[in-house]
Every structure is written in structure tokens, then in C-alpha cells.
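These notes are about the structure you will find just below.
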Amino acid sequence: MATGTIAAFTGLVLAGGMLATAAPASANTNDGWVSGAGSMADDWGDEGTVSTTSYSSSTATCLWQQVLRAEGLLSASGIDGHFGSNTKAATENFQARYSDLADDGKAGPNTWGKADNKFTQVVEYTDGSARAVYDGTSSNFTVYRNTQGRHFWWHEGDSAHRYAAYGSNSC
């Protein structure tokens with residue numbers, strides 16, 4: 001991780017002139033982020049739905065597309081943060097791998113939860129931050145959680161980090 005990105009990972013905030021860390025938040029689309037606390041291996045099971053009609057243009061969708069790429073279901077060129085017909089079809093194919101998932105083409109809490117079950121090499125720190133490798137069938141990528149509980153990863157195209165936000169798309 002580059003030196004200039006430490007603050008992005010640790011989630012340090014300045015409060016009342018003193019340096020403090022923010023407590024991790026539990027996942028909620030109203031707070032605007034794919035987030036979690038406690039064990040990273042269960043962070044995504046309560047996430048909001050991304051689909052053609054919900055948060056269809058978002059960095060949260062971009063994170064979901066990273067999962068689909070790691071699973072070999074979406075090409076790198078399909079990672080754009082827009083939940084279109086290709087992402088929907090790839091999501092249906094992901095869901096078809098699991099008998100307990102509806103193959104509705106929407107990445108809701110149950111579908112996100114199947115994905116976070118594939119985290120390996122999980123390292124959780126006492127300040128609430130964490131990192132884990134998403135171990136897909138075709139490739140892997142590393143996901144980080146800062147001290148505020150927000151998930152991010154490093155974007156291959158420009159080597160910058162992307163926070164998984166529901167309300168914006170910087171994919």
C-alpha cells in the first residue's frame with residue numbers, strides 16, 4: 001500500500017483538534033457504504049440490494065462486479081459500476097451455483113453473504129479495520145475495511161482505492 005493511502009485505510013478523523021478513530025458501523029444502505037464490523041467473514045450478509053433498479057450506478061455495484069470477475073462470470077471490461085444486463089446475467093449465474101439462492105439477478109443480502117463466505121487470509125485489527133482476500137474460482141482480489149467499517153479495494157486501472165458507496169459511482 002502506498003504511503004499516501006494510510007489514512008484511507010485507517011479511517012483516521014480529526015475530532016475537536018485531537019486525532020481519533022471512528023467506530024465501525026453496521027451495514028445499512030442509508031449510511032451510504034458497504035460496511036461492517038466484527039468478523040469480516042460476515043460483513044456482506046446484511047448489505048443492501050444492487051440490481052438493475054436499486055443502486056444500479058454505484059461503486060457498491062462496482063464491488064459486486066469485482067466479485068463476479070473473480071468468479072469468472074464477468075470480464076474486466078464489464079466492471080464499470082453500472083448494473084446492466086451483463087451484470088444481471090452474471091449474477092444469475094453466480095446464484096445458480098447455490099441451491100439456496102433465488103436466481104433473480106439481484107445481489108441482495110443472501111447473495112452478498114455467499115460472496116463473503118469466500119474470504120480467506122482474513123486479518124482483523126483491534127481498531128476494527130481488516131483485510132481479506134476474496135478467493136474466487138478464477139482470480140482473487142483483496143478487500144479492506146477501514147476503522148469506520150467502510151469497505152474498499154484497489155482499482156487495477158489506475159491503482160487507486162475505491163470505497164464501495166451506494167450513492168455514487170467512481171468505478
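The values are calculated or read from the model by the stated rules, or taken from the named source; none is laboratory data. Treat the numbers as computed from the prediction; the structure is a model and nothing was measured. Virtual Cβ from ideal backbone geometry, glycine too; neighbours counted across all protein chains shown. Surface accessibility is based on the protein's heavy atoms, side chains included, excluding ligands, DNA and RNA. Shrake-Rupley method; radii C 1.70, N 1.55, O 1.52, S 1.80 Å.
Hey, can you tell me all the residues within segment 127-153 that are without any contact (Cβ under 8 Å) to a residue 24 or more places away in the chain and of a type in the set (Phe, Trp, Tyr)? Those that are without any contact (Cβ under 8 Å) to a residue 24 or more places away in the chain and of a type in the set (Phe, Trp, Tyr): none in segment 127-153.
Residues checked against (1) farther than 17 Å from residue 156 by Cβ; (2) in contact with a Leu (Cβ under 8 Å, 6 or more places away or on another chain); (3) open to solvent by 10 Å² or more (accessible area, probe 1.4 Å):
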residue	(1), (2), (3)
32	yes, no, yes
37	yes, no, yes
44	yes, no, no
50	yes, no, no
53	yes, no, yes
62	no, no, no
67	no, no, no
81	no, no, no
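Summed over segment 106-116, residues that are touching a helix residue (DSSP H, G or I) at 6+ places or on another chain (Cβ under 7 Å) and in a helix (DSSP H, G or I) total 6.
Does segment 69-79 hold any residues that are open to solvent by less than 10 Å² (accessible area, probe 1.4 Å) and not aliphatic (A, V, I, L, M), and which are they? The answer is 71, and nothing else.
For segment 114-171, a tally of residues being open to solvent by 50 Å² or more (accessible area, probe 1.4 Å) and either of a type in the set (A, V, I, L, M, F, W, C) or touching a Pro at 6+ places or on another chain (Cβ under 7 Å) (or both) returns 2. Of all residues in segment 90-108, those satisfying the criterion of being surrounded by 14 or more Cβ atoms within 10 Å (Cβ to Cβ) and of a type outside the set (Ser, Thr, Tyr) are 90, 92, 93, 94, 95, 101, 103, 104, 105, 106, 107, 108.
Apart from one condition, residue 103 fits all of (1) charged (D, E, K, R); (2) in a helix (DSSP H, G or I); (3) more than 14 Å from residue 44 (Cβ to Cβ); the exception is (2).
Within segment 81-91, can one find any residue that is out of contact with any strand residue (DSSP E or B) (no Cβ under 7 Å at 6 or more places or on another chain), under 23 Å from residue 35 (Cβ atoms), modelled with pLDDT of 95 or more and not in a loop (DSSP other than H, G, I, E, B)? Within segment 81-91, one or more residues are out of contact with any strand residue (DSSP E or B) (no Cβ under 7 Å at 6 or more places or on another chain), under 23 Å from residue 35 (Cβ atoms), modelled with pLDDT of 95 or more and not in a loop (DSSP other than H, G, I, E, B).
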